[in-house]
Amino acid sequence: MGAAMRGIQAGNALSAFGLGFTVPYLYVYVAQVRDLGAGTAGAVLAVFAMAALVVLPFTGRVIDRRGPLPVLVGGAVLASVGALAMGLSGGVPAAVLSATLLGAGTAVIQPALATMIVWCSSPTTRTRAFATQFFLANLGLGVGGLIGGQLVDESRPGSFTLLFSIEAVMFLVLAGIALTVRLPRPDALAGVVPQGVIADGRRGGGIRVLLGHRAMLQLCVLGFVLFFACYGQFESGLAAYGTEAAGIDPSTLGIALAANTAVIVIAQFVVLRLVERRRRSRVIAAVGLIWALAWVIAGYAGLGHGSRMMATVAFISTYALFGLGEAMLSPTVAPLVADLAPAPMVGRYNSAFALVKQLALAVGPAVGGPMGAALHGPYIVTFVLFSLGITVLALRLGRQLTPVQDQPSLAPASRVVVRHQPETATALAPTN
């Protein structure tokens, strides 16, 4: 790992650490500590998500034209201001404005960081780089959440102000570290378009290139299902199902989430050694089967009429199996987005996939929450089918990928982002 990559990964870990201080407590802070009510807290969380949906469509083009560094620094500063303002918010307008700044800032950081990792890695090292990013992000979130839990006191608003202040400082640390990183850029491939992409040099052609790339479109559909069926259910539908159908104590939800994080942290590099020389499409297909099993076990927890202890163990096991699947996805999906992207469009591809993720995270709770609370059997059946759908979509995607895209270990060591294929590739106009 070079100096640039070490800096990127350190900044990623510290910003995740800062997020861990506040993310689990944002609803409680707005609704109870600031006494603004559940409705306002829901609106703040919605604004946080909507801000990301608004800025992401424009983020990719800025990254590709100006580079990821200014976008990352700008996003980190914006998020820092939003975090500090949230810690001082005493009314509805201030809380909503703070959530807007914080949501927009954290949203643009994601594709900027991903693009920096792409620029500092090769197809053969990218798998490990993204796995390390995911590992450090989860470790940072977990440690931040644990420490934050020891500091918060609902009777003292100042304790929450401290948490948000720490988060704000961590974002500034991320910006400071990023400014010390010297980024190599693969300018030699600035005009290469991968196989299956339609080049269009007219204004707005960048979007047409992406929409004309069948493999990327299939990956976006697959990504939506992945995030909808897993992350979109963690703190909404699955939590509601666990408490309503399985009779799980609310405190057990924290243990289940801790089990999820623990599996990711413990298994990440063991899993990496197992998957990095295998076809990505088949690894993702295996994740679908693992998650289908997780949903079946969740079904037993709520519908199996076992003891409360068995239901609790089954519910925690569900989250642990989700963690295993996540550890398998981190070295496959994000690097695949980068390897599919034409060199001058890496930022737009990363931003497009981040947008798909945000949409899934917005739709997932809206659909899964009511189902998990009231329609217990249909809820489990629905998400078992969605998980099996992941397997089908992954195998179909594999047929659209080149051998090297599906299995990067087949490629010789190189710093090339996209391999040129003279018989099918065409030049991308510089105005795009």
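Per-structure values
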item: Approximate spin-label separation Glu154-Leu410, in nm, with each point projected 7 Å along Cα-to-Cβ; result: 5.6
item: Global form of the range 80-161, assessed from the alpha-carbon gyration tensor, a/c cut-off 1.5; result: oblate
item: Over the chain: helical MRE at 222 nm, DSSP H runs n ≥ 4 each giving -39500 (n - 2.57), nearest 500; result: -25500 deg cm²/dmol
item: Of all accessible heavy-atom area on the chain, the percent that carbon and sulfur account for (1.4 Å); result: 68
item: In nm, spacing of pseudo-spin labels at Ile266 and Phe58 (7 Å Cα→C-beta vector); result: 4.6
item: Cβ-based net charge around Thr127, under 14 Å, with every Lys or Arg adding one and every Asp or Glu removing one; result: +4
item: Extended-chain gain in nm, criterion 0.36 nm per residue less alpha-carbon gap, Leu146 and Leu183; result: 10.0 nm
item: Options Pro123, Thr391, Val265, ranked by Cα towards positive dipole end of the chain, top entry (Cβ charges); result: Pro123
item: Fraction in percent of alpha-carbon pairs per bin - 10 Å, the range 18-65; result: 24, 37, 25, 12, 2
item: Cα gyration tensor, the chain - rounded (a/c under 1.5), prolate or oblate; result: oblate
item: Residue-normalised accessible area of the chain, expressed per residue, 1.4 Å probe, Å²; result: 41
item: Cα-centre dipole for the chain with unit charges at Cβ (Lys and Arg positive, Asp and Glu negative), debye to 20; result: 1420
item: Residues in the range 36-55 that a label on Ala94 would reach, taking backbone N under 17 Å of a point 7 Å out along Cα→Cβ; result: 36-37, 40-41, 44
item: Gain in span if fully extended, Val169 to Arg277, counting 0.36 nm per residue against the direct Cα distance; result: 35.0 nm
item: Cut-off of 10 Å, at most 14 other beta carbons, DSSP loop: longest stretch of the chain lacking such GluC sites (Glu not before Pro); result: 155-422
item: Length released on extending from Leu162 to Leu45, taking residue separation times 0.36 nm less the Cα-Cα span; result: 40.1 nm
item: Positive-end residue of Ala256, Leu162, Thr59, charge dipole of the chain with Cβ unit charges; result: Thr59
item: Options Ala320, Val356, Val181, ranked by Cα towards positive dipole end of the chain, top entry (Cβ charges); result: Val181
item: Span-rule helices in the chain, defined as complete DSSP H runs reaching 18 Å or more along the axis (Cα) with Kyte mean at least 1.0; result: 37-66, 68-88, 92-119, 157-179, 214-229, 250-275, 280-303, 308-329, 376-398
item: Rounded, prolate or oblate (a/c below 1.5 giving rounded, otherwise prolate when a/b exceeds b/c) for the range 347-386 by Cα gyration tensor; result: oblate
item: Asp249 paired with Arg6, simple spin-label distance in nm, labels 7 Å along Cα-to-beta-carbon; result: 4.5
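The values are calculated or read from the model by the stated rules, or taken from the named source; none is laboratory data. Keep in mind that what you see is a predicted model, and the values were worked out from it rather than measured. For neighbour counting, all protein chains shown are included, and Cβ atoms are generated from backbone atoms with ideal geometry for every residue, glycine included. Calculation scope for accessible area: heavy atoms of the full protein, side chains included, ligands and nucleic acids excluded. Shrake-Rupley method; radii C 1.70, N 1.55, O 1.52, S 1.80 Å.
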